[in-house]
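Colleague: So that we are looking at the same thing, I have put the structure below in structure tokens.
Every number here is computed from the coordinates shown, using simple stated rules; none is lab data. From a predicted model like this one, the values you see are computed outputs, not experimental measurements. Glycine also receives a Cβ, built like all others from the backbone with ideal geometry; neighbour counts cover every protein chain displayed.
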Amino acid sequence: MKKLFNRIMVFKYDLEKAYVILKELDKYNNIIAKLLKSYLFMISGNSARTETILIEIMNKELFEHALVSDIQLMKIENQIEMTLAIIDRFDDDFKNTKLIENFVAYIFFGSSGEFQTEFDSELTIKRGISYIREKYKSIQYGKPFPFVWGAPVYEMSSQVEYNQYIKSSVVGKKLINNQTSYLLFFRNLDGINSEFKKPLVDGINKLESTRELYLKTVYFRMLDNDSFYRFLTAHKENKIGLIANLKRKFFKEQILSNKNILFSIIQLTILGDLDPRYILKLMANERARL
């Protein structure tokens, strides 16, 4: 990935060569590869395609991208360096500066630790509540982007304002239309509007049986929240059971199926369920990939 990144950063646009590079990027599944595709379209003059890719990235939770990324083992320093370098190119040449501002906020508010610290150090991050309000109320750059502005609204404001934000953004419509990843926006609420109660229970019932990793993490994160768990037990017909047992069963199944082994081992370790056989499974899986 790093070699391809270096090649693109010095690339002088040529239609046929760009097509070949885009095909190479299609082999990857991570945000950096998507940003590089967006950058290639930008230097080709195709602003519409550039914007589409950036919007597609921001229409998912940052954690979902990280969970399915195929460069998880790349050093975090390299990932940060490449991401910042591409954003710098957009800052210099892309006309839609508000969309890039959204993307910077998406990475900053959606990340933590070293990634967030480096972004804060290298870029000008606006984060005051007045600025957040101005952004999230925007019809074009606020309301359609809950995975950008939802977290800072919740962290910086009141439950009342956050509830109003939920109703005014696309979150409510997405939930009612059975897009289950939008359940996440309701996990910390002390009071849930009546119009969302049935879609929330229906969404949880769907996630109960899913085997898709990201959606299952949404399910577990919802149940881990005490206030949402109380809401659910009051409105759900069948019993939920012990959350730790549900997690243990799911992540053991993932390992047995040779899926998401590293992440599953980490989750089982957090639960205190460390089995040396898991490590052997991981080592065998990594050797097979090499």
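Colleague: Tell me the relative contact order for the chain as a rounded percent, counting alpha carbon contacts under 8 Å between residues six or more apart.
Modeller: Values: 238 pairs, mean separation 28.4, N = 290.
Across the chain, relative contact order equals 10 percent.
Colleague: Next question, about the same structure. Can you pick out the pairs among K198/K249; K95/K137; K137/K174 whose Cα atoms lie more than 24 Å from each other? Intermediate results must be reported in sequence, preceding the final value.
Modeller: Values: K198/K249 27 Å; K95/K137 22 Å; K137/K174 18 Å.
Beyond 24 Å: K198/K249.
Colleague: Please give the contour-minus-distance gain from K236 to N177: 0.36 nm per residue of separation, less the Cα-Cα distance, rounded to one decimal in nm. Numbers along the way, then the final one.
Modeller: Numbers: separation 59, 0.36 × 59 = 21.24 nm, distance 1.96 nm.
Computed gain between K236 and N177 is 19.3 nm.
Colleague: Report the FRET efficiency, 1/(1 + (r/R0)^6), for N245 and K12, where r is their Cβ-Cβ distance and R0 is 51 Å, rounded to 0.05.
Modeller: On the way: r = 58 Å, r/R0 = 1.13.
Calculated value: 0.35.
Colleague: List the residues of the stretch 66-92 whose backbone N lies under 14 Å from a point placed 7 Å from the Cα of E114 along the Cα-to-Cβ direction.
Modeller: Answer for this model: 72-83.
Colleague: If you don't mind, another one. Given N59, N96, Y19, which one lies farthest toward the positive end of the charge dipole of the stretch 1-125, if we put +1 on the Cβ of every Lys and Arg and -1 on the Cβ of every Asp and Glu?
Modeller: Towards the positive end, the residue furthest out is Y19.
Colleague: Let me ask another. Using a cut-off of under 19 Å, list every residue of the stretch 39-56 whose amide N is near the label point 7 Å from the Cα of S157 along the Cα-to-beta-carbon line.
Modeller: none
Colleague: Right, something else. Using 0.36 nm per residue, how much length does the chain from E77 to I192 gain when fully extended, once their Cα-Cα distance is taken away? Write down the numbers at each step before the final one.
Modeller: Numbers: separation 115, 0.36 × 115 = 41.40 nm, distance 4.04 nm.
Working it through step by step, the gained length comes to 37.4 nm.
Colleague: Compute the distance in nm between two label points, each set 7 Å from the Cα along the Cα-to-Cβ direction, one at K167 and one at I266.
Modeller: 3.8
Colleague: Which net charge results when you count Lys and Arg as +1 and Asp and Glu as -1 among the other residues whose beta-carbon is under 14 Å from that of K75? Before the final figure, lay out each step's value.
Modeller: On the way: positive: K2; negative: E77, E81, E114, E118.
Computed value for this residue: -3.
Colleague: Oh, and also: Compute the length gained on full extension between K98 and S121: take 0.36 nm times their separation in residues and subtract their Cα-Cα distance, giving the result in nm to one decimal.
Modeller: On the way: separation 23, 0.36 × 23 = 8.28 nm, distance 2.02 nm.
Computed gain between K98 and S121 is 6.3 nm.
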